Every structure is written in structure tokens, then in C-alpha cells.
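S.K.: Sharing a structure below in C-alpha cells format, with a few things to ask.
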């Protein structure tokens, strides 16, 4: 009997799913309890990547969890994920999943404190914490998937427009500005009024280029891919302050430097839309933005002391508010809006980290 068989003989009676992954995330051992829970036998998964067993909507978080084990970074070792059952498929939005609690630990060839340690894989236990997903939960999952598809389409269109503006309109304006500068710098006898007209045109083109850069950043914040959410928000606040004079009080605490990009984009877009609403409707000179990590959640708060509005009357008809809700829904988060005429507006978003 080899080491894997001995391990299986010892842990097969476990009520949870005991598993071992290699350094690439592929199953090299799975306890027999898997078959009772999901319908898949251990043989079905041997050599396959762990993502093949996980609900598509949870793969990103699970992959980040595995990466944390691989890098040895300090992170929560316990996660909740949904596992596919054997009667599910990726095309069926009403598929059944099992919600489980996952504990994972890194395997190293040397003590974890040794700088020269080599990552050998992960091991852990998966425990069933819920029965088959109910009709209501299925509908909730379908809503999350639909929201995610909608947001992906919007972000793809934003990126296309931003690239078109940069590659075509932006370059044409830069070329025009260079021609105007060349004309105004030449030592030729032209009427003074024409010189003034050229200078005015230069200034106008420069203003349009700057406005185009601001618009392009709003459509596709490149800094978000490089520096993360907090720095990107600071850049956004600076641009808004310079353009509108709005004072933005920003506070952040216990937020990871980087987390899944889709969540970074969602929180950035929600903040962006909330500030746009403040600028257009609130009639106020300052706003408070808080971004806090706590108990496995990210809390985003945008609050102003402006004129407010009738939340019930406006909420259903506002595309901006609807998109904020959709961006929150795709992650199973919560979105709340508190406003009434004469007492400002408070938007609070909470999404799982």
C-alpha cells in the first residue's frame, strides 16, 4: 500500500471531504465523502484542477484563496464556496450547488518560516453546511450571474469607447494642436487678429485634449490595474476636485492593497456614479467617502449633506442607481440608499472580500 492509499484508508470515514492538491492546484487525493456530497467520485476528479468542482461564480475567490496558500501570505484559511453536483452544467443557470465551508493549509518541504521553503501543494477539509440549494437560492444565483453578465458587457463597451477615443480622436487632436503651434511660431507676416485666433484655437484644443483624457480615464481607469482601488480613488477624487471644486473627505482602513479585479472595478464604478450624482443633484460643496474592510466584508459609504431626494420615487427610474445595485448583486452583496428631501443622501455598499 503506497502513501496515498494509506492516507485514504485513514481518512475515508471522515464526515467531511479531505483533499490534497499539487502545486498547480490539481487533485492528487480526495476522500470518498465527496461522492455522497456531490455525486462525483474521487476518480472523476483525479488530476483535474480544483476549479472544475466549484461554482463558476466562486472560482475567482477560490483561486485567490489557493494563491494565498501558495505564497504563504497571511489570510483567512476558512472560506465558504459552492460546489457543483454531478447533475449541473455551466449552461444551466438553475443548476444545483452545495454550499460548503473550506479550510485550507499550505504544504511545504521546510518549516513555513524558512525563506528557502518550497511549496508542495495544499491540503484541507471541506464540510457541508447546507443542503441542496432551494428555489429561492437558485433564483438568487441566476440574478448574480445575470448581473455579472450585464456588468461585463458594460465594462467591455466602456473599454472599446475609451480605446477609440484615445487611438483616433485623441491622436487627431494632438496632431491639430501641433500644427497650430507650428503656425503661430513661424516668422511670417500675418494679421494680428489671425495670430490671436490661432492662439485661442491652441488653448481650446488643449482644453479638449485634457477633457478627453479625463473622460477616457473615467471610462477605463488604467491606474486600477496597476496601483489598486485606493490609489485609483485618490486620483479620481483629485480630478473631481479640480474639475468641480467639490471637497471629498476620504477615509480608508483595513482594505487589502489588491483583491479581485472585478470587485475593485465594481467599487470604483459605484463611487464614480455616486459622486456624479452628488455633483449633478446634491447642491453641496463636500462629500464623505469611507472604504473599510471588516469581518470579511468591504464597506463603501458615500454621504453628502445636500438637498436629498425622495428615494422611493427616484430609485426605480434611475439608471445610475440601478447599475450600482447590479454591481453589488453580482457578488452577493447588499446595497442601501437613505435619502429624503432636505437631509442629504447616504449610500452604503457591502460586498464579501
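S.K.: Tell me the Kirkwood radius of segment 253-353: reciprocal of the mean inverse pair distance over distinct alpha-carbon atoms, in Å. Don't skip to the end; give the middle numbers.
M.R.: Numbers: mean 1/r = 0.0724 Å⁻¹.
Computed over segment 253-353, the radius equals 13.8 Å.
S.K.: Considering every Cα-Cα pair within segment 14-64, what fraction, in whole percent, is farther apart than 15 Å? Working shown, then result.
M.R.: Values: 573 of 1275 pairs.
More than 15 Å apart: 45 percent of the Cα pairs in segment 14-64.
Bear in mind that the values in this text are calculations on the coordinates, not laboratory data. Predicted model only: the values in this text are computed from it and were never measured.
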